[in-house]
Every structure is written in structure tokens, then in C-alpha cells.
Amino acid sequence: MTEPDQASTGAPGDDTRRRRLLFRATHRGTAENDLMIGGFVRENLQTLTAGDLDALEALMERPDPDLADWLTGRREIRPEDATPMLLRIRASLRR
């Protein structure tokens, strides 16, 4: 049985995907990342495009220590890790 907001393909609907991302962003395992990443997601969730959601989901696969170090500036982001989404979150923290 599928959830009401699932497409016929079985893929989670947009609302379900956004709720899952919000939960995941606010329950990272470290309070620091919960605040930084969760705050960004909470503030921008409704305006993120499908591509943004893909990028955010991929970013969430990164280890918490790396994300915390990059977002706080404790460590420089290596060029190969400098995704547009990571840079966007970091820029939002520096406003």
C-alpha cells in the first residue's frame, strides 16, 4: 500500500520528502549540525527545488565532523567537496 502523497511510481511525494529532510537535518547526531543544517533547511525548505532536494540529500550523507568543520570554518572546504549546496548553507550562516 502506498501513502496518499506517493506517485504511481512509488516515489515519495514532495511533502513526504521535505518532511524527511527536515527531520534528518534537525536530528544529525550533533547539536552543532542540528542547528546549522537544520536551521538552513527550516528556513528554506518550502522554496527548495527538486534539484536542491537532491543536493541536500547527497550532502546529508557526509560525516557530521566534516560538515561541522566546513560549515564553521574550522577547516577549508576542499574543491572536490565544495558543492553548491554546501557553499549555500555556509553562506547562509555568515549573514
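The values are calculated or read from the model by the stated rules, or taken from the named source; none is laboratory data. Treat the numbers as computed from the prediction; the structure is a model and nothing was measured. Counting neighbours? That spans all protein chains shown, and the Cβs are built from the backbone with ideal geometry, glycine included.
Keeping to the stretch 38-66, report how many residues are closer than 16 Å to Ile77 by Cα and touching a helix residue (DSSP H, G or I) at 6+ places or on another chain (Cβ under 6 Å).
Within the stretch 38-66, residues that are closer than 16 Å to Ile77 by Cα and touching a helix residue (DSSP H, G or I) at 6+ places or on another chain (Cβ under 6 Å) number 3.
Enumerate the pairs (first residue in the stretch 54-80 and farther than 30 Å from Gly13 by Cα and modelled with pLDDT of 95 or more; second residue anywhere and β-branched (Val, Ile, Thr) and part of a helix (DSSP H, G or I)) with beta-carbon separation below 8 Å, excluding pairs fewer than 6 apart on the same chain, so at least 6 apart or on different chains.
Qualifying pairs under 8 Å: none.
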